[in-house]
1. Between Tyr65, Tyr28, Tyr143, find the one with the highest GNM mean-square fluctuation for the chain; connect C-alpha pairs within less than 10 Å.
2. Using only the Cα atoms, what convex hull volume per residue in Å³ does the chain have?
3. Please turn the phi angles of segment 26-40 into ³J(HN,Hα) values with the Karplus equation 6.51 cos²θ - 1.76 cosθ + 1.60 (θ = phi - 60°), one per residue in order, whole Hz, x for glycine and proline.
4. Please report the spacing between the Cα centers of segment 16-87 and segment 89-146 in Å, no decimals.
5. Using the Cβ atoms and a cut-off under 15 Å, what net charge is assigned to the surroundings of Ile139, where Lys and Arg are +1 and Asp and Glu are -1?
6. Quick one: Karplus J couplings for segment 130-137, per residue in order, coefficients 6.51, -1.76, 1.60, θ = phi - 60°, nearest Hz, x for Gly and Pro?
7. How large is ³J(HN,Hα) for each residue in segment 2-11, as worked out from phi by the Karplus curve 6.51 cos²θ - 1.76 cosθ + 1.60 (θ = phi - 60°), to whole Hz, x for Gly and Pro?
8. Over segment 4-157, what relative contact order in percent results from Cα pairs under 8 Å that are six or more residues apart?
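Just so it is clear, none of the values below were taken in a lab; they were calculated from the coordinates. If you're wondering where the values come from, they're calculated on a predicted model, not measured in any experiment. Please note: Cβ atoms are built from the backbone with ideal geometry, for glycine as well, and neighbour counts cover all protein chains shown.
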Amino acid sequence: MDFNIKPIKKHDISHVYAMILELAKLEYLEHELELTEELLQTALTSDPSPAEGLIVYKKNYPIAYAIYFHSFSTFQARRCMYLEDIYVRPDFRGKGIGKALLKRLAQIAVERDCGRFEWAVLAWNEPAIQFYKSIGGEIQPDYRLCRMSEDGIKKLACE
């Protein structure tokens, strides 16, 4: 399949936004979505930007995206890459696009001397878990993702 992976730019934001809406629906998380196109544009195009992204086009049609940012490992004393989202539109799955996106992200991680490349996967998403394992991803059984919502952050901050 002929496709092109490139960094997300301002003119790509509406396409990425549409795919994020699709992802939220797929993951049954639409009720958590606070995102607007304007917020996404600010997040991905401000300087400095809190996150970066890649978009995949087949001809002029957007078919996938990935959004990532850097974290830090004190144990390694190096930065790490964290993949926040990866999404391939359903009609284009199983054609090597997800693997190509992850390969490009791994190349960026190597270029930036990242000690780790991490992401989360929903426990019920067995096809994704198997795909990640097939490319060398290791499911971490000893770790669980912890999250504090905005309300929880404010409550803790005021204690």
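1. Tyr143
2. Per residue, the Cα convex hull of the chain comes to 153 Å³.
3. 4, 8, 6, 10, 4, 5, 8, 6, 10, 5, 10, 4, 5, 4, 5
4. 14
5. That sum, taken over residues with Cβ under 15 Å, equals -1.
6. 5, 4, 4, 4, 5, 9, x, x
7. The phi angles translate into 8, 8, 10, 9, 8, x, 5, 10, 3, 6 Hz.
8. Rounded, it is 17 percent for segment 4-157.
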